[in-house]
Amino acid sequence: MSYQQEYQASIEDPQAFWADKAKLVSWYKEPENILSVDENGIHRWFADGEMNTCYMALDYHIENGRGDQLALIYDSPVTDQKKTFTYTQLRDEVALCAGMLKQYGVEKGDRVILYLPMIPEAVIAMLACARLGAIHSVVFGGFAPPELAVRLDDATPKVVLTASCGIEITRVIEYKPLVDEAIRLASHKPQTCIVYQRPQASAAMQAGRDIDWQEALQSAQPADCVPVKGTDLLYILYTSGTTGKPKGVVRENGGHAVALKYSMDAIYDMQPGEVFWAASDVGWVVGHSYIVYAPLLHGCTTVLYEGKPIMTPDAGAFWRVISEYNVKALFTAPTAFRAIKKEDPEGKLAAKYDLSCLKTIFAAGERLDPPTYDWLCDTFKVPVLDHWWQTETGWAIAANMHGLESMPVKPGSSTVPVPGFKIAILDDKGKQLDANTQGYISIELPLPPSCLTSIWGDVERFKKSYLETYPGYFVTGDGGYFDEDGYLFIMGRVDDVINVAGHRLSTGEMEEVLGRHPMVAECAVIGRYDDLKGQMPMGFVVLKNTDDDSPDNAQIVSELISLVRQEIGAVAAFKEALIVARLPKTRSGKILRKTLRCIADGEPYTVPSTIDDPASLDEIKAQLGK
Ligand code: COA
Ligand code: AMP
């Protein structure tokens, strides 16, 4: 079927379309109620279907002859380790891990927080939670204890799963002291903390609360899959919003399984048995969807890579993995390719490997900039496809539907709406805009399966953040436009969210942290252009009146940088702050962040007529040498 036919079918009769796609996964009881509206007025998919995501991802394939096929390949250049799991082996490990969780009281609907590096136990634990019908919440290892504490208080998990350490290239980062500190900070105290001891670091254990993972497995019995409803939650994944409090995006079992299974074929052109590699981290949505769930739901082999695109050991690392494991499709963030290109612009390291297995390169997480696109096309001679999505959706909103029909690529565009997503470009009054006019990218309701149906524990925040701005639409927070051929161009966030090395961060949250320093009177954080990471945060800080005993500016800047690292984490990559006399504001007191960004990036801008103190810009320009 052509893309157009498929897309039309999804929009004209979403229920029939998704009822059909739901047949592609194996339910215990097939859903009859395809789309319903709940007591909060929110659309829900497959409410009466009964299933288990872990069954669909593992046991089903074993029952259907894939038991001896590889399900998971773990490749860790940072520990010099490689390990493979067939579907049967992975199912057995998952069932045992589920049994271990059960021993510590985890039942259907309970939350389990995972603070784990990129080791097989992370994948095993996610699937083990799914097996029990428990709800996992994975927290990325680059977040600091206060961030983990916020998530502990919000998700109130019964159990925390962690490891003694993560490894960042050659640095061993001890995770357990971070978890201890987070539990100390949090009001909610989990009953049990299960710790996977890695040889690179030994975690100190707290009697009565901490359990050794490997020892606990010895007394565990394999657990069976617990049936859940299509609308029961599979996971909560926290993501940055515009304020300090992250949003707990919830993902339902049924819609998630159906959408991801469909995407593997329709978007990624993958067939069961083939090898798919998402070079991301299980702490991000890309890792949830395309390292763990989608490849397994589709009967593919997935790769878990504990390394970086460069320096582990060199910029040929990705190409080594691809040729070694016969990877058909690679999916990563453009920043990874920029890092590789910088080290190996002529692709000499890539030329060392037989990459004939690689058929497609997919990019997401940030816009695929045309120079990186051109470099990838010239170097690898395979289709290079950008696609746009968010934690909120769990899969692509716009893509080149490679498995249906490959459409010509327009560099800078993420191509066309994915079936199920009725995208509209709206102005600030909610009026639909014509082609080539930039506006707020919104999605007409109902959202297709897999998209969030609430923010954990706060449906009002969900409605306020996403649904109330334009009734009948979900606002994505991104701005952009359609061209005359219906190609979508994403132009970046229209809120206080920035994207640093494919990681989504909140400048509002960084401002809150800076504002806690005793010397800071007020501040603004913007995302300035960075040729490697896409954007880097930059702070502009006004100090309180100083006296002779005050530390000098350089010391304050270094304290501010440490503060963000301690409060949010290394992942924030906050390395630059400028002390200024005044911040540019409108007469009503609104900080002109966009103007600050334009100045920092050397882009043209017009000084708003409402500016209160135009001279405030001169000092900033002088400090930035612009
Ligand atoms: N645990 C602890 N610390 C972590 C971490 C983890 N899991 N992941 C990152 N960090 C730390 C890094 O060590 C770094 O610390 P530093 O400031 O002390 O050097 C900091 O967080 C920032 O990390 P990162 O943004 O990854 O920058 P980097 O310079 O280490 O690497 C890239 C840059 C481009 C190589 C890397 O970001 C990358 O591979 N990105 C693409 C893939 C990806 O993850 N995309 C996400 C969604 S698809
Ligand atoms: P996350 O929720 O972490 O996946 O981040 C989602 C945000 O990343 C989106 O709202 C966009 O701003 C950005 N993003 C993701 N993919 C793309 C893309 N292909 N092009 C442009 N921006 C993207």
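Output the antiparallel fraction of DSSP beta bridges having both residues in region 497-624, as a percent to the nearest 5. Show your work: numbers first, answer last.
On the way: 17 of 20 bridges.
The answer is about 85 percent antiparallel.
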Given 238-249, 440-451, 366-377, the highest-first ranking by average Cβ count within 10 Å works out to 440-451, 238-249, 366-377
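May I ask you to compute the full-extension gain from S406 to E181, defined as 0.36 nm times their residue separation minus their alpha-carbon distance, rounded to one decimal in nm?
Length difference between fully extended and current span is 76.0 nm.
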Do you know the relative contact order of the chain, to the nearest whole percent, from alpha carbon pairs under 8 angstrom that are 6+ apart?
12
DSSP beta bridges in region 182-256: the antiparallel percent, rounded to 5, is 70
Starting with the highest mean, order 507-518, 263-274 by the number of other Cβ atoms within 10 Å, averaged over the residues of each peptide.
263-274, 507-518
Given a Förster distance of 22 angstrom, what is the FRET efficiency for E484 paired with T242, based on the Cβ-Cβ distance and rounded to 0.05?
0.10
Whole-Å distance linking the alpha carbon centroid of region 195-246 with that of region 498-575 is 32
Quick check: pseudo-label points 7 Å beyond the Cα along Cα→Cβ at D458 and K342, how many nm apart are they?
3.5
Fewest to most neighbouring Cβ within 10 Å: what's the order for C598, C193?
C598, C193
Give me the net charge of F362's neighbourhood, meaning all other residues with Cβ under 15 Å from the Cβ of F362; Lys, Arg count +1, Asp, Glu -1.
-2
Can you give the relative contact order of region 481-626 as a percent, counting alpha carbon pairs under 8 Å and 6+ residues apart?
19
Using the Cα gyration tensor of the chain, with a ≥ b ≥ c the square roots of its eigenvalues, what is the shape: rounded (a/c below 1.5), prolate (a/b larger than b/c) or oblate (neither)?
rounded
Which of N253, L114, N400 sits closest to the plus end of the dipole of the chain, meaning its Cα is farthest towards the positive end, when Lys and Arg get +1 and Asp and Glu get -1 on the C-beta?
L114
Ranked output for segments 125-137, 99-111 by mean other Cβ atoms within 10 Å, highest leading, reads 125-137, 99-111
Tell me, L532, L114 in order of fewest to most beta-carbon neighbours within 10 Å?
L532, L114
Rounded to the nearest 500, the 222 nm mean residue ellipticity computed for the chain from DSSP H runs (n ≥ 4, each -39500 (n - 2.57)) alone is -8000 deg cm²/dmol
As a percent rounded to 5, the proportion of antiparallel DSSP bridges among beta bridges in the chain is 60
Could you tell me the center-to-center distance, by alpha carbons, between region 308-358 and region 433-478 in angstrom?
36
Straight distance only, please: which lysines reach the Cα of K23 with their own Cα at less than 29 Å, same-chain residues fewer than 8 apart left out?
K108, K229, K261, K328, K359, K422
Region 545-613: relative contact order from alpha carbon pairs under 8 Å, six or more residues apart, as a whole percent, is 23
Yeah, region 230-290 with a ≥ b ≥ c from its alpha-carbon gyration tensor (a/c under 1.5 is rounded, else prolate when a/b outruns b/c, oblate otherwise) is oblate
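Arranged by the count of other C-beta atoms within 10 angstrom, fewest first, what order do Y293, Y481, Y196 take?
Ranked by crowding around the Cβ, least crowded first: Y481, Y196, Y293.
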Is region 497-624 best put as rounded, prolate or oblate by its Cα gyration tensor, with a ≥ b ≥ c the root eigenvalues, rounded for a/c under 1.5, and otherwise prolate when a/b is larger than b/c, oblate when not?
oblate
Backbone HN-Hα couplings from phi across region 394-403 [Karplus 6.51/-1.76/1.60, Hz, Gly and Pro as x]:
x, 7, 5, 9, 9, 6, 8, 7, 4, x
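Read-outs: derived from the displayed coordinates by stated rules, not from any lab. Computed from a prediction, not measured in an experiment: that's the story for all the values here. Ideal geometry is used to build each Cβ from the backbone, glycine not excepted, and the neighbour counts take in all protein chains shown.
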